[in-house]
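Down below is the structure, laid out as structure tokens.
The values are calculated or read from the model by the stated rules, or taken from the named source; none is laboratory data. Note that the coordinates shown come from a computational prediction; the quantities given were computed from them, not determined experimentally. Neighbour counts run over all protein chains shown; Cβ positions are idealised from the backbone, glycine included. Heads up: the accessible areas ignore ligands, DNA and RNA and are worked out on the full protein's heavy atoms, side chains in. Shrake-Rupley method; radii C 1.70, N 1.55, O 1.52, S 1.80 Å.
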Amino acid sequence: MINKDVFHGFLQAIHHLPEMAQPDALTDAERLVRAKAVMRAKTDRGLALDLEACVNCGYCSEACHFYQSTNDPKYSPSRKLDLLRRVHARETSAFAPLKRLFLPDITLDDLKEWQELVYDACTECGRCSMICPMGVNTARGVNVMREALFEAGLAPLELTAVAQEQAGRGTVFGVGPDELRQTVDLLRSQGITIPLDEPQADLMLVTTVIDVLLFQDALAATARILNHLGVRWTLRSAGFEAANFGLLSGSESLQKAASQRLIDEALAIGAKTVILPECGHAYPALRWEARLADGRPLPFEVLAASEFVGREITAGRLQLQPPQDPSRKITYHDACKLARHGGVVDEPRAALKALGMDLRETTPTAEQNWCCGGGAGVFLINRAEGLRHQAWGIKREQIDATGADTVVVSCGSCRLNVMAGAEADAWPTTIESVVEMVARQLPG
Ligand code: SF4
Ligand code: SF4
């Protein structure tokens, strides 16, 4: 059961984030220099190819929920990379000396204008790349733009505040080891076995601030599934936070440091598998982008919770009881970072099919699924509220068209955004999580 007071308290906390951001002492000239230095350094061969390959056909706009829901050309995916394209053309492309003759240099005002385009108006969902005939990876370019703006002290204050907190105190929204222990104690008092700080384990479960504060049932459900499977597992209080505000804000150093905390704990206990919570961006942060300090791949497997559960069901190690109501109509919302970026499509569906309910697919679905509009930190940016709500409208219509009475998600950020959208629209559809639904049908 979700505590609506905690949900509304979380929304209130977001409103106060800008007050918590610590100002920097950079001059305007320094901001421009720093942003351009990142843009130059990060434009490798792949990104240069993307920037040069765009033929301005505009197909990608059809795929972007921010453009589609507003019809505003400034939100077209190709435009979001215009500054990066200009810096590349003038400074790192083969014809740079020639381009400098007629292409103006970027300005601080340009950077300030692009803050909205690459933070508020892009969830780095990757849908535009699926449609682009040239295969341009706009999400990657947007991420580089975020890194450039963060380095210039021009990230939105909300993301800056949380990134500063995670980099400084190691907490996120004030949640650290003590708050984790309180939630673990609460769940233990409800009869759920939750190993914490075990010195050795085969599997390390990672959680996130949203689950510790709000979606405690998701943490409890994952624990119950692991206990049912008889896995030797643990949470680790020194490294439990999967939310990575380095990735979301554009701080590469924080991204690495936040991942390193998890890696250190997994190595310390000899974990063979790390299970991430229902959190979209945690998946690319640890699974695809994290490495050992010497650059080698991680020596353990990283799985999303819904991916793990689906695999266990497919392998026959996890069987579920029949549902109380087999006629319940459910549909699944693919988190972009899991499905489109990570290929986690079949596993959550295997879990949902095993529930024995009436599972309906949205159109389009899976890798082509529309984003909910709140990912990549957009949910935390106050001024983006109207824009993301417009974008959410596409997702809502898509879900409604299935006739489902329940939408199941596997990402806490999506869940927050869908909950906020549902509240604003008085939308009656029930919002569920994969692990919670599976745990309800565990035998015994
Ligand atoms: S679809 Fe690809 S080539 Fe066409 S405008 Fe978009 S990014 Fe450029
Ligand atoms: S990655 Fe997603 S949100 Fe960003 S421009 Fe492409 S379609 Fe739009």
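Points to keep in mind about this one:
- Summed side-chain charge close to residue 358 - residues other than residue 358 whose Cβ falls under 10 Å, Lys, Arg +1, Asp, Glu -1: +1
- The chain shape via C-alpha gyration tensor axes, a/c threshold 1.5: prolate
- Segment residue 400-residue 110, length gained on full extension (0.36 nm per residue, minus Cα span): 100.5 nm
- Computed from the C-beta positions of residue 16 and residue 423 and an R0 of 25 Å, the FRET efficiency is 0.80 to the nearest 0.05.
- Packing-based order for 226-237, 174-185, using average beta carbon neighbours within 10 Å, highest first: 226-237, 174-185
- In this simple spin-label approximation, residue 167 and residue 62 carry label points 7 Å from Cα along the Cα→Cβ vector, and these lie 4.1 nm apart.
- Whole-angstrom gap from region 80-135 to region 388-417, using each part's C-alpha centre: 31 Å
- Furthest towards positive pole of dipole, 319, 401, 386, structure part region 319-440, Cβ charges: 386
- Peptide ranges 301-307, 357-363 listed from the most packed, as the mean C-beta count within 10 angstrom indicates: 301-307, 357-363
- Formal net charge of residues neighbouring residue 422 (Cβ-Cβ distance under 14 Å; K, R +1; D, E -1): -1
- Extension gain, residue 3-residue 30: 0.36 nm per intervening residue step, less the Cα-Cα distance, totals 5.2 nm.
- In nm, spacing of pseudo-spin labels at residue 95 and residue 390 (7 Å Cα→C-beta vector): 3.5 nm
- Nonpolar atom fraction for the chain, defined as the carbon and sulfur part of the 1.4 Å probe accessible area, stands at 52 percent.
- Estimated vicinal HN-Hα couplings, Hz - region 339-350 in sequence order (Karplus 6.51, -1.76, 1.60; Gly, Pro = x): 7, 6, 7, x, x, 7, 10, 6, 5, x, 5, 4
- Three-way shape call for region 193-245 based on the alpha-carbon gyration tensor, with the a/c threshold at 1.5: oblate
- Relative to the longest principal axis of the Cα atoms of the chain, the long axis of helix 157-168 makes an angle of roughly 70 degrees.
- Segment residue 53..residue 257, full-extension length gain: 70.0 nm, with 0.36 nm per residue of separation and the alpha-carbon distance subtracted.
- Alpha-carbon centroid distance for the pair region 330-362 / region 1-30, whole angstrom: 32 Å
- For region 413-428, the Karplus equation 6.51 cos²θ - 1.76 cosθ + 1.60, evaluated at θ = phi - 60°, returns couplings of 5, 4, 4, 4, 5, 5, 4, 5, x, 5, 5, 5, 9, 6, 7, x Hz by residue, with Gly and Pro reported as x.
- The chain: angle of helix 216-229 to the longest principal axis, Cα-based, in degrees nearest 10: 60 degrees
- Cα gyration tensor shape for region 354-444, rounded if a/c is under 1.5, else prolate or oblate: prolate
- Heavy-atom accessible area per residue - the chain, 1.4 Å, Å²: 40 Å²
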